Amino acid sequence: MTIMQSLWRGMTRRLRSEAGASSVELLVFFPLLLLIVLLTVQVALSWYGNEVATSTAREV
């Protein structure tokens with residue numbers, strides 16, 4: 001085995017392990033990110049509903 005082959009083999013092995021680590025990180029953090037986004041949307045909808053109800057009550 002030449003030096004270039006061993007270097008290439010080492011680089012590809014390292015890249016594969018980093019890709020696996022990235023997949024695990026995505027699986028861990030994606031639900032948290034999704035939760036934050038959905039909570040933000042829910043708070044915005046609640047705030048908007050409160051503003052509409054308050055505005056309607058003032059007009060009556």
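Based on Cβ point charges of +1 for Lys and Arg and -1 for Asp and Glu, what charge dipole magnitude is obtained for the chain about its Cα centre, in debye rounded to the nearest 20?
Values: 5 positive and 4 negative charges, 111 e Å.
Taking the Cα centre of the chain as origin, the dipole is about 540 debye.
Mean residue ellipticity at 222 nm from the helices of the chain, using -39,500 (n - 2.57) per DSSP H segment of n ≥ 4 over the full residue count, to the nearest 500 deg cm²/dmol?
Values: 1 runs with 57 residues, N = 60.
After summing the helix terms and dividing by the residues of the chain, the value is -36000 deg cm²/dmol.
Considering the Cα trace of the chain, what is its radius of gyration and what is Dmax, both in angstroms?
Cα radius of gyration and Dmax of the chain are 25.7, 86 Å respectively.
Since every read-out is calculated from the coordinates, none of them should be taken as a lab result. Just so you know, these numbers come straight off a predicted model, no measurement behind them. Backbone-built Cβ (ideal geometry, glycine too); neighbour counts: all protein chains shown.
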